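Peer 1: I have a structure here, written as structure tokens, and I will follow up with some questions on it.
Computed from the coordinates by the stated procedures, all read-outs in this text should not be read as laboratory data. As the structure is a prediction and not an experimental result, all values here were calculated from the model. No Cβ is skipped: glycine too gets one built from the backbone with ideal geometry, and neighbour counts run over all protein chains shown.
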Amino acid sequence: MKLIKKFKSPNFNLRKSKKILFIIIHYTALKNYKYAISHLCNPKKKVSSHFLITQSGNIFKLVDEKKRAWHAGLSYWNKFKDINSLSIGIELDYSFNKENNTFSENMINSLTFLLKKLKKKYNIKNHNILGHSDISPFRKIDPGINFPWQKIDDTHLYFKSDKNLKKIKLWFKKNNIKSSQEIALFILSFIGYDTTKVKQNNQLLRKLIFAYQSHYLQSNCNGKLDSKTLDFLIYHLYNNLLTIY
Ligand SMILES: [Zn+2]
């Protein structure tokens, strides 16, 4: 693994916030890292990321962490909209339909190393390491359903019991949050997702559920709000209540 500072992207401006809360993970969807560097450093493209990690595990630093790189675009998390100002962006040299279609061991080792360093430096919480699809679920799918979240994220859902599940379902009922969709949107919004335009729009709901599953429930990526997904959401809420808030 090497940290390479040879290439600099001109695509950045000043952060509007001093605090860095999030790390956003992307994939490039380009043929290889050379294409990615020329893309991310091209002033005409108006996109960039702080880091790019190659298949062999080299880390290119393209934008200074103090600066606002342009990777998130139109996005939302937990009432924040200018995610670029609040985050560090990491691009992975990966494309699901080209030769670089695996999250190689070297790449993931380097990513784990970099995340550990950044988390410590900026005091970033595990639950604030997110995918582009989490913050832009209606227009982005990276880092995708094959990204190994479990390898880089040591937060797991610990508190699984049917008793708790029943209790929480009862709580929703008492508070007049009755349908599966209402419960799911309540929880997704609580976790941080943008749910504002989803109600009564099945296409957006499907995209949102798919984004959630792509990160947290990869064994069930079908875009459907089925009972497995709903129960998992309820455990997720319970887990967050006990560990984050
Ligand atoms: Zn992206």
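Peer 1: So what are the three principal axis dimensions of the range 162-243 from its Cα atoms, in whole Å, longest to shortest?
Peer 2: 31, 27, 21
Peer 1: Same structure again: When the scattering of the range 77-191 is computed by the Debye formula from its Cα atoms alone, each counted once and equally, what is log10 I(q)/I(0) at q = 0.13, 0.14 Å⁻¹?
Peer 2: Values returned for q = 0.13, 0.14 Å⁻¹ are -0.70, -0.80.
Peer 1: Continuing with the same structure: Rounded to the nearest angstrom and ordered from largest down, what semi-axes does the equivalent ellipsoid of the range 195-243 get from its C-alpha gyration tensor (root of 5λ)? Before the final figure, lay out each step's value.
Peer 2: On the way: eigenvalues 73, 36, 16 Å².
They are 19, 13, 9 Å, listed largest first.
Peer 1: Taking N as the number of residues in the range 1-126, what is its alpha-carbon radius of gyration divided by 2.2 N^0.38 Å?
Peer 2: Compared with the compact-globule rule of thumb, the range 1-126 sits at 0.99.
Peer 1: Considering only the chain, what is the antiparallel percent among its DSSP beta bridges, to the nearest 5?
Peer 2: If I count the DSSP bridges inside the chain, around 35 percent turn out antiparallel.
Peer 1: Can you tell me the orientation of helix 180-191 relative to the chain, as the angle in degrees between its alpha-carbon axis and the longest Cα principal axis, to the nearest 10?
Peer 2: 40 degrees
Peer 1: Also, quick follow-up: Could you give the C-alpha radius of gyration of the chain expressed as a fraction of 2.2 N^0.38 Å, taking N as the number of residues it contains?
Peer 2: So the chain has a normalised radius of gyration of 1.04.
Peer 1: Which one, Ile90, Leu165, Asn222, is farthest towards the positive end of the dipole of the chain when Lys and Arg carry +1 and Asp and Glu -1 on their Cβ?
Peer 2: Sorting the options by dipole projection puts first Ile90.
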